[in-house]
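Notes to accompany the following structure.
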Amino acid sequence: MTDYNKAMKKHLRTQELRKACKKTKRRQKTKKPRRKNWIDAAYDEYDELKFDTFERIMPRGERERRRSVEQMTNANAEINRPEEEFTAKSPQEPSGDPDRLQGQVIEVSTGMCRVNLGEESILCSLRGSLTAAETGFTNIVAVGDRVVVSKNGSSEGVIEAILPRDKILARPDVFYNHLRQIVVANADQVLIVASWRQPHLWAELIDRYLIASEINDLTGLICINKIDLVEDQAEFKAAIHPYLQLGIQLILTSARDGTGIHQLREVLRDHTTVLTGLSGVGKSSLLNAVHTGLQLRTKQVSSRWSQGRHTTSLSSLLPLDFGGYVIDTPGIREFGLVGVHRSDLAYHFPEMARLANRCQFTDCTHLDEPACAIRRAVATNAISENRYHSYQKIYATLPE
Ligand code: GDP
Ligand code: ZN
């Protein structure tokens, strides 16, 4: 057979194979059930975008990862102990086989992580066999991940496995839209920090963050800082009233005079808290007030980090000396209302959701339709005007 014939034959065979592949793929597709009405449709879509339970967010390949972790757990009784009992082994301990330890990732940079092992934190590389391929995510490891680390007497370690995540906060990847980037794993609450003045309290932003927290199944808490700048008490009370009515935990602070710092500490204790809020509202001042050693420690971490091989830290988790972690990264502050459509916005305002089915039109936008139960409630002050303004502003920025 001539070379040409051989090449032709190979080409035809490849084409046949491709066609067969396509056919089987098409057959695998299951038909989506017809949706009953627009509310169900909205909630279905919303559901698909919610990453609350671990099962739902379990990436492909996670099962294998779990299995390998299980194997490691059996091989080493150390990591079989419950996490709270876990204490890191002393680095001086004799090491024949590599020591397997459990820790939490507190800083991630390209190809390297800093892992908190309890008594110390070490730089770790990633075991080459760990991959993000087929997980649906672009990153293999994120801050907050609980990991198994092997340490062979040296000061650096290797991440062998990533333990199952409770929750993740993810956003669409900048370059690959079909994939998501995990911004933080295992966080459980969001502290929305705003200031009364300088900058002026921005209710719309608070409301956006409350929705974003809810979508990601994280508890949203509001901290209003710089209350030393409150001049008109009545105006202040009116501004915070809707949140009190909704039962959202409010922490009123002044990093300047120390008001509310004790309460803030209690709110953060033993939680992994995502910090959000405009620049200048006082996040760093508050962190330094709740944890006096933090400033020092952050500086130490970054200078040690910059001596390492990789200097650009993507995000970091700050361990609090009284228990818990705080994550404060610009990347996190961008997390928005991905997946929320105009037609389901009112359902994210609990006080509006209650009334939405009383409007005359089932597809009422609550903006200008007659006989709108929500606008009626705003007129009689049953719904706060500020919250309704947020609704209008957010509505205008959402897709149909
Ligand atoms: P961040 O950008 O959110 O981290 O805000 P910073 O902590 O850097 O604070 C911004 C500015 O607000 C600084 O000049 C602080 O001194 C000031 N600031 C912080 N907290 C308070 C407060 O409770 N009251 C007043 N009056 N100023 C504050
Ligand atoms: Zn309406």
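The values are calculated or read from the model by the stated rules, or taken from the named source; none is laboratory data. Predicted model, so just to flag it, every value in this text is computed and none were measured. Using ideal geometry, Cβ is built from the backbone for each residue, glycine included, and neighbour counts are taken over all protein chains shown. The protein model used for the area step is the full one, side chains on, heavy atoms only, and it has no ligands, DNA or RNA in it. Shrake-Rupley method; radii C 1.70, N 1.55, O 1.52, S 1.80 Å.
Restricting attention to segment 170-328, close to 25% of DSSP beta bridges with both partner residues there are antiparallel. Surface calculation, 1.4 Å probe, protein heavy atoms: Leu244 sits at approximately 100 Å² accessible. Segment 110-149 and segment 358-400 have Cα centres separated by 45 Å.
Our coupling estimate for segment 120-127, obtained by passing each phi through the Karplus curve with A = 6.51, B = -1.76, C = 1.60 and θ = phi - 60°, is 8, 10, 10, 7, 9, 9, 9, 4 Hz, Gly and Pro reported as x. Quick one: of Lys167/Lys237; Lys237/Lys393; Lys167/Lys283, which pairs are farther than 26 Å apart, Cα to Cα? Going by Cα-Cα distance, Lys167/Lys237 fall outside the 26 Å limit.
Diffusion of segment 127-234 by Stokes-Einstein, at 25 °C in a medium of 0.890 mPa s and with Rh set to the Kirkwood radius over alpha-carbon pairs, works out to 145 µm²/s.
Taking amide H as placed 1.01 Å from N in the peptide plane, Val184 has its amide H under 5 Å from the amide H of Leu169, each at least 5 places away in sequence or on another chain. Surface calculation, 1.4 Å probe, protein heavy atoms: Asp344 sits at approximately 10 Å² accessible.
Take every Cα pair under 8 Å whose residues are at least 6 apart in sequence, average their separation, divide by the length of segment 100-164, and the relative contact order is 36 percent. Based on the alpha-carbon gyration tensor of segment 342-397 and its eigenvalue square roots a ≥ b ≥ c, which shape applies: rounded if a/c is under 1.5, prolate if not and a/b is larger than b/c, or oblate? Because its axes are fairly even, with a/c under 1.5, segment 342-397 counts as rounded.
What dipole magnitude, in Debye to the nearest 20, does segment 170-328 give about its Cα centre under +1 on Lys/Arg Cβ and -1 on Asp/Glu Cβ?
Working: 14 positive and 15 negative charges, 137 e Å.
Approximately 660 debye in magnitude.
Sorting Glu156, Glu107 on solvent-accessible area from highest to lowest, probe radius 1.4 Å, gives Glu156, Glu107. Phi-derived couplings, Karplus 6.51 cos²θ - 1.76 cosθ + 1.60 at θ = phi - 60°, listed residue by residue for segment 140-149: 7, 9, 10, 4, x, 5, 8, 10, 9, 10 Hz, with x used for Gly and Pro.
Let me check against my output: what whole-number percent is the relative contact order of segment 170-328, with C-alpha pairs under 8 Å and at least 6 apart?
Numbers: 231 pairs, mean separation 37.0, N = 159.
Over segment 170-328, the number comes to 23 percent.
Highest mean packing comes first when the peptides 278-290, 117-129 are listed by Cβ atoms within 10 Å, giving 278-290, 117-129. Take every pair of alpha-carbon atoms less than 8 Å apart whose residues are at least six positions apart; their mean separation over the length of segment 342-397 yields a relative contact order of 29 percent. The peptide list 216-225, 164-173, put in order of mean Cβ contacts within 10 Å with the highest first, becomes 216-225, 164-173.
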